[in-house]
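A quick write-up on the structure given underneath.
The values are calculated or read from the model by the stated rules, or taken from the named source; none is laboratory data. Everything numeric in this text was worked out from a predicted model, so none of it was measured. All Cβ positions, even for glycine, are placed from backbone atoms using ideal geometry, and neighbour counts span all protein chains on display. Note: accessible area is taken over every heavy atom of the protein model, side chains too, but ligands, DNA and RNA are not part of it. Shrake-Rupley method; radii C 1.70, N 1.55, O 1.52, S 1.80 Å.
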Amino acid sequence: MPNAHATRPIKRSSPQPTQRIVQAITEAIAERRLMPGTKLTEAKLCEIFDVSRTLVRQALNQLSRDHLVTLEPARGAFVAKPTTEEAQQVFAVRTMLETMIVRALCKSITPAQIKLLKAHLAAETRSIVNNDIAERTRLLGEFHAVLASIHGNLVLSEILSDLLLRSSLIALMYQSSQSAEESHAEHELLVKALEDGNTALATRLMKQHLHHVERNLKLETQTTDLKAVLSQSLSDLAR
Ligand SMILES: [Zn+2]
């Protein structure tokens, strides 16, 4: 079970060939170079990464466990394309859990915890100013994990971390820079309401925020030149 910070940082360097492939494909999706529905041909991946089919399959299996890739019998691997129903269900459960967390936090939050949240908001601001898409997406998702961890119910944190991983992967694929800025602004308002102990406002802001995040998911399909985008990732990694 991963900890509450379910939105994994995307690191630049890794010695394992399987991880190198996972990383390159994750980054290509995060940076919107690889779009949902793109076919990930095993033979092409072997050629691009210069590795065996076994390693490519290991990487695709890991990406499938992370809900980034869909493996279809007899058809192969595709960049995952979560349905709107799937996204709606994830957000419906998150809304229930996260409004509950916010309601409880209004009564129990300490100055040290407010300070922690403000430091997180400052990091969000930096990633938005720097236009660092992968970092920005990670931090925006992690804000919710931080709230859950402050709340202190470990069972709730664990359930939410699974949902956050799923929705952050959806967000990685579909979030626009406009919605990222909107999300950040809403996080700031929410922290202010928590600091003021305004339960009614804080729960309403959380509900609205999750509704906006869900509304801003952009489901689009386009074909992609697999070799061009992944060769780019490889040259990035070599730097
Ligand atoms: Zn958020």
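So is residue 113 closer than 17 Å to residue 210 by Cβ and among the polar types (S, T, N, Q) or not?
Answer is no for this residue.
Got a sec? Which of 98, 186, 135 is more than 30 Å from residue 33 (Cα to Cα) and acidic (Asp, Glu)?
None of the other options fit; the residue is 98.
Among the residues in the stretch 94-111, are any within 21 Å of the chain's Cα centre (by Cα) and more than 14 Å from the ligand (Cβ to nearest atom)?
Scanning the stretch 94-111, I find at least one residue that is within 21 Å of the chain's Cα centre (by Cα) and more than 14 Å from the ligand (Cβ to nearest atom), so the answer is yes.
Looking at the stretch 117-130, can you tell me whether even one residue there is in a loop (DSSP other than H, G, I, E, B), open to solvent by 20 Å² or more (accessible area, probe 1.4 Å) and at pLDDT 85 or above?
Yes, the stretch 117-130 contains at least one residue that is in a loop (DSSP other than H, G, I, E, B), open to solvent by 20 Å² or more (accessible area, probe 1.4 Å) and at pLDDT 85 or above.
So residue 135 ticks every box in (1) in contact with a Ser or Thr (Cβ under 7 Å, 6 or more places away or on another chain); (2) within 14 Å of the ligand (Cβ to nearest atom) but one. Which box is left unticked?
Of everything listed in (1) in contact with a Ser or Thr (Cβ under 7 Å, 6 or more places away or on another chain); (2) within 14 Å of the ligand (Cβ to nearest atom), residue 135 misses just condition (2).
Can you give me the ranges of the helices (runs of 4 or more DSSP H) entirely in the stretch 39-110 with at least 1 residues that are farther than 30 Å from residue 201 by Cα?
42-49, 53-65
So which of 157, 235 ends up being more than 13 Å from the ligand (Cβ to nearest atom), modelled with pLDDT of 80 or more and over 23 Å from residue 37 (Cβ atoms)?
157
For the stretch 37-62, enumerate the residues that are crowded, with 20+ Cβ neighbours inside 10 Å and modelled with pLDDT under 90.
Scanning the stretch 37-62 gives no hits.
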